[in-house]
Amino acid sequence: MILLLGASGYMGQAFATELRRRRYSFIPLTRKAIDYTDFDLLFDYIRKLKPEFIINAAGYPGRPNVDACETAREETLFANTLLPQTISRACSMTSTPWGHISSGCIYRGAKWIDDPGTRIVEGPELRRLFAASPEKVFGYTEWDEPNFSFRNAPCNFYSGTKALAEEAIRGAGEVYLWRPGMPFNGRSEPRNFLWRIQNYARVFDGVNSLSQLDDFVRACLDLWERQAPFGIYNMTNPGAVSTRQVIEMVERILKPNRRFEFWENEEEFYRHGAKAPRSNCVLDVSKLLVAGIKMRPVEEALEDSLRNWNVAALRADNSTARNVPSFSS
Ligand SMILES: NC(=O)c1ccc[n+]([C@@H]2O[C@H](COP(=O)([O-])OP(=O)(O)OC[C@H]3O[C@@H](n4cnc5c(N)ncnc54)[C@H](OP(=O)(O)O)[C@@H]3O)[C@@H](O)[C@H]2O)c1
């Protein structure tokens, strides 16, 4: 039996779909059914249910976007840092292995490896170098200290709380810390990176690693199924793309009835288009590959999602919040 926390959310629903596809017995828990953010309730629930694995897909990424976390600070800190700590404690005390959705957005930029060595590049310089010599642009590994965090400011409040959670729970018990990039797939919904860039008035051109959502959840579950060592894993589709390249793919494949405009530069974007700084980063997935988990190259995953845009009907997770055993102490 697997316990899925945050099952009603964007990531949680994707996990529920994949668990169902694999015919796992699982409980998709929501706070409405049981307030799993309360340590005593959660501990008691886990102690009685004895799940073989817990997935934490709960958190607060901001609605409609990360800017909302700048004002909803209490909720952001509570959901992204304190809740993982609570789950970590309950899992350690019950010896329950678990997985937590962290984020790649605790980094900014990428590594530029060229004579005479390695340096961090970001912003317009990264865009220029990536366009000219993408083979010299490398991602951050799990051993690199987050550089978009409270410890390495500036960062946005959301990223700060995600990096703090990693610091608090890594190494405590049997836990996977799964780091996705911006998620996308073929379903037209506002959390999907491909939906977002098609619906912005103007697009910001960053260089990023991305995660095809269904590939991501499959890879997370594969790590656990194959009993890969616990720890932090970058979980993006291999490679990196600029948003301009993705827009070109959208234009080529979907042939939308509009012209896309880009922000002139960072200054204009942050003056008119965004409140909080954005991470825009490239991740290295060698550790995942060494663990035997293969995700499709990002270009292939993007092409596939766009070719199947909206073909797959929106998932209706009808079983969410049903059949939730309620233990009273
Ligand atoms: N979406 C992204 O672009 C993205 C990218 C990278 C990482 N992540 C991470 O993935 C996790 C899930 O994100 P998501 O996009 O699926 O978010 P979401 O759609 O907003 O869902 C998150 C779920 O968390 C639960 N939750 C528990 N405590 C909460 C609180 N205090 N405030 C708000 N929600 C709370 C809610 O479920 P119930 O109330 O029903 O239990 C909610 O449905 C987060 O940790 C996020 O940082 C997301």
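Read-outs throughout are calculated quantities, based only on the coordinates presented, and are distinct from any laboratory measurement. Because the structure is a prediction, the values reported are computed rather than measured. Virtual Cβ from ideal backbone geometry, glycine too; neighbours counted across all protein chains shown.
With +1 on the Cβ of every Lys and Arg and -1 on the Cβ of every Asp and Glu, and nothing else charged, how large is the dipole of the chain about its Cα centre, in debye rounded to the nearest 20? Could you put the intermediate results ahead of the total?
Values: 42 positive and 40 negative charges, 183 e Å.
The dipole of the chain has a size of about 880 debye.
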Once you've got the GNM for the chain with C-alpha springs shorter than 10 Å, pick whichever of 97, 154, 277 has the biggest mean-square fluctuation. 154
Would you mind pulling out the separation of the Cα centroids of segment 46-94 and segment 197-251, in Å? 22
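Nearest-5 percent of antiparallel DSSP beta bridges in segment 2-307? The partial results should precede the final answer.
Working: 9 of 34 bridges.
About 25 percent, rounded to the nearest 5.
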Which listed residue (175, 28, 241) has the Cα farthest towards the positive end of the charge dipole for the chain, taking +1 on Lys and Arg C-beta and -1 on Asp and Glu C-beta about the Cα centre? 28
Using amide H atoms built 1.01 Å from N in the peptide plane, name the residues 5+ places from residue 103, or on other chains, whose amide H lies under 5 Å from its own. none
Which of the listed residues, 262, 130, 216, is farthest toward the dipole's positive end in the chain, when Lys, Arg count +1 and Asp, Glu count -1 at the beta-carbon? 216
Semi-axes of the equivalent ellipsoid for segment 1-73, please: Cα gyration tensor eigenvalues, times 5, square-rooted, ordered largest first, whole Å. 24, 17, 8
To check my understanding: the extent here is largest minus smallest coordinate of the Cα atoms along each principal axis. What are those three numbers for segment 209-287, in Å, largest first? 47, 31, 18
Counting each DSSP H run of 4 or more residues in the chain as -39500 (n - 2.57), what helix-only mean residue ellipticity at 222 nm follows after dividing by all residues, to the nearest 500 deg cm²/dmol? -10000 deg cm²/dmol
Calculated from backbone phi, Karplus (6.51, -1.76, 1.60) coupling profile of segment 268-280 in Hz, x at Gly/Pro: 5, 4, 6, 7, 10, x, 8, 9, 9, x, 9, 7, 6
Counting C-alpha atoms alone, how compact is segment 118-212: give Rg to one decimal and Dmax as a whole number, in angstrom. 15.7, 45
Longest to shortest principal axis, alpha-carbon extents of segment 63-148, angstrom: 50, 33, 16
Report P(r) for the chain: all Cα-Cα distances, bin width 10 Å, range 0 to the bin holding the largest distance, values in whole percent. 6, 26, 36, 23, 8, 1, 0
Between helix 39-49 and the chain, what is the angle of the helix's C-alpha long axis to the longest principal axis, kept within 0 to 90° and rounded to the nearest 10? 70
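By per-residue mean of other Cβ atoms within 10 Å, what is the highest-first order of 299-305, 37-43?
Numbers: 299-305: 19.1, 37-43: 16.3.
Ranking the peptides 299-305, 37-43 by packing returns 299-305, 37-43.
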How would you order 194-201, 280-287 from highest to lowest mean count of nearby Cβ atoms within 10 Å? 280-287, 194-201
Hey, what did the chain get for relative contact order, percent, Cα under 8 Å, at least 6 apart? 22
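Rounded to the nearest 0.05, what FRET efficiency is calculated for residue 95 and residue 264 with R0 set to 45 Å and r the Cβ-Cβ distance? Don't skip to the answer; put the middle values down first.
Values: r = 55 Å, r/R0 = 1.22.
It comes out at approximately 0.25.
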